[in-house]
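This report concerns only the one structure given below.
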Amino acid sequence: MNFNGMFGGEVEESDENSSDGYCGRYYASDDEGEEDEGGEEGDPTGGREDEHGNLSGGASHAGDGGKIRPVIAEDFPGREFVGEEDAYLAYKEFARTRDFGVRKGDVGRVDGVLVRRDFFCHQQGTRHPKHYDRPERVREERLESRTDCKAKLKIYYDVQHSVWKVRTIFDEHNHELAPAMFSHLLPSHRKKSNCDKAQVDSMKKFGIPTSKIIAYMTGQSGGYRMLRFTKRDLYNYVHGQRLARINDGDAAATISYLEGKVNADMTTVARYTRTANNRLGSLFWVDGEIMWDYQLFGDVMAFDSTYRSNKYKKLLVVFSGSNHHKQTTIFGFALLEDEKVCTYWWLLLNLVDIMGEKTPCVVVTDGDKAMRAAIMEVFSAARHRLYGWHLEKNCVQRVKDTEFWKVFKKAMYANFEEYWKKAIESLGLQNNSWVQSTYKLK
């Protein structure tokens, strides 16, 4: 099969009657028992989907000849459901015909038993005010996606009749509804069928990149708008499948490899933790040469971490220093499950234990708060310093003034107070939040 021809480039959307060389068209099927990305599968109202995924049904029969009409808001008051999940599915089907999404909202319990449930429009609520004032933010904040819409369905549990009943429904939105052709891509409506997943799994086994799989399935379906899921959904699914294989796959192979190294070299040491679900948590390892270098050159140690850039989304930590030839020397490696203080604390305690209780005199980091707290506890006598290149990088990102960049670099390696005060006053940066926080941190 000529994969280069099939996956050669990004597939463009095609109209209904075009012929673009692909074999047939692709439509997501609705297999029973499939896992729904945006919500649970099923339709308690008797709705059906055609081969294109358009929903019909969940409907009421009019009196004239048994014609079917879409469900409307007036059909809900007084309605009864066997379970609260049935009510959610019915409201979700109604929302799809009205072109808005649904989120599960507030609940009420009595003695631990669920007796009340609200379902909201997906644009209910607003972003918390604290997220608008974050001076440490590097990237531009995302646009506000919620409008505090008040549309909702409220249900309650009728103990006497053991059914869920509709208390009220409010169907007035304060925002524009989604275009009908894209409503199936709202989070609560999109999904992948078992056929979709099987096709992705089989293509990944042959080593086909996820981007090419998306392009191929898009071409089969006739355009992105015909897919029942987004690119991000597919990437998340592939990542989840990869994580599911780690438990008995790569993690076990890594532990086995390190155990073999320990048996071959008695100076090699590896320590690891397991998570609550018996997966690999954090992993730390050193060998004999590393331990010897640390004893000689470990007075100044750099504590660097890469932010989950590996395929397992684990934090890679490298301990390093400099030898008498001014060459970089490695003092140890670690893969961490998170960036909590307790995780860094576990790592540093193991480093000290393996290195014969020798602690560094100076530790250089990127200024991470959790890392700083762990260093203060384990290396209480060590001086803590920040990376110069990291400060320069932050300066360029946070202060859009080329003159200040030059002055800032001089200030770090010369008379800080003298250069700093002159630069702040001359450039008018007294009220810049990053400048203020950096001065306090220095």
Original post:
Tell me, what HN-Hα J-couplings in whole Hz come from the Karplus equation 6.51 cos²θ - 1.76 cosθ + 1.60 at θ = phi - 60° for each residue of the range 197-203, using x for Gly and Pro?
Top reply: 5, 5, 5, 5, 4, 5, 6
**OP:** Using amide H atoms built 1.01 Å from N in the peptide plane, name the residues 5+ places from Gly332, or on other chains, whose amide H lies under 5 Å from its own.
**Re:** Phe319
Original post:
Can you give the FRET efficiency for His325 and Ala373, using 1/(1 + (r/R0)^6), R0 = 35 Å, r = Cβ-Cβ distance, to the nearest 0.05?
Top reply: 0.55
Original post:
By its C-alpha gyration tensor, with a ≥ b ≥ c as the square roots of the eigenvalues, how is the range 88-133 shaped: rounded for a/c under 1.5, else prolate for a/b larger than b/c, else oblate?
Top reply: oblate
Subject >> Val300 versus Arg242: modelled label distance in nm, points set 7 Å from Cα along the beta carbon direction >> reply: 3.7
Original post:
To the nearest 0.05, how large is the calculated FRET efficiency for Val82 and Val107 if R₀ is 22 Å and r is the Cβ-Cβ distance?
Top reply: 0.75
Original post:
Classify the range 149-261: rounded, prolate or oblate, from the alpha-carbon gyration tensor (a ≥ b ≥ c, eigenvalue square roots; a/c under 1.5 rounded; otherwise prolate if a/b is larger than b/c)?
Top reply: oblate
Subject >> In range of the label at Ala253: residues from the range 186-227 whose backbone nitrogen is under 17 Å from the point 7 Å along Cα→Cβ >> reply: 204-208
Subject >> Of Lys92/Lys152; Lys313/Lys340; Lys197/Lys313, pairs whose Cα-Cα distance is over 18 Å >> reply: Lys197/Lys313
Subject >> Across Lys104/Lys150; Lys104/Lys314; Lys205/Lys231, pairs whose alpha-carbon gap is larger than 22 Å >> reply: Lys104/Lys314
**OP:** Taking amide H positions as placed in the peptide plane 1.01 Å from N, state which residues far from Ala302 in sequence (5 or more) or on other chains have amide H under 5 Å from it.
**Re:** Ser320, Gly321, Val364
Original post:
Want the number for Gln436 to Val163: 0.36 nm per residue separation, take away the alpha-carbon distance, what's left?
Top reply: 92.3 nm
**OP:** With a Förster radius of 22 Å, plug the Cβ-Cβ distance of Asn174 and Arg225 into 1/(1 + (r/R0)^6) and report the FRET value to the nearest 0.05.
**Re:** 0.25
Subject >> 5 angstrom amide H check on Ile72, placed H, neighbours 5+ away >> reply: none
Subject >> Karplus (6.51, -1.76, 1.60) ³J(HN,Hα), θ = phi - 60°, over the range 101-114, in Hz, Gly and Pro reported as x >> reply: x, 10, 10, 6, x, 5, 10, x, 10, 10, 6, x, 9, 5
**OP:** Subtracting the Cα-Cα distance from 0.36 nm times the residue separation, let me have the gained length for Tyr156 to Glu289 in nm, one decimal.
**Re:** 41.1 nm
**OP:** Could you run the Karplus curve 6.51 cos²θ - 1.76 cosθ + 1.60 with θ = phi - 60° over the range 148-165 and give me ³J(HN,Hα) per residue in whole Hz, x for Gly and Pro?
**Re:** 6, 5, 9, 5, 6, 10, 10, 10, 9, 9, 8, 4, 5, 9, 6, 9, 9, 10
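Since every read-out is calculated from the coordinates, none of them should be taken as a lab result. None of the values given here were measured: they were computed from a predicted structure. Heads up, the Cβs are rebuilt from the backbone with ideal geometry, glycines too, and the neighbour counts pull from every protein chain shown.
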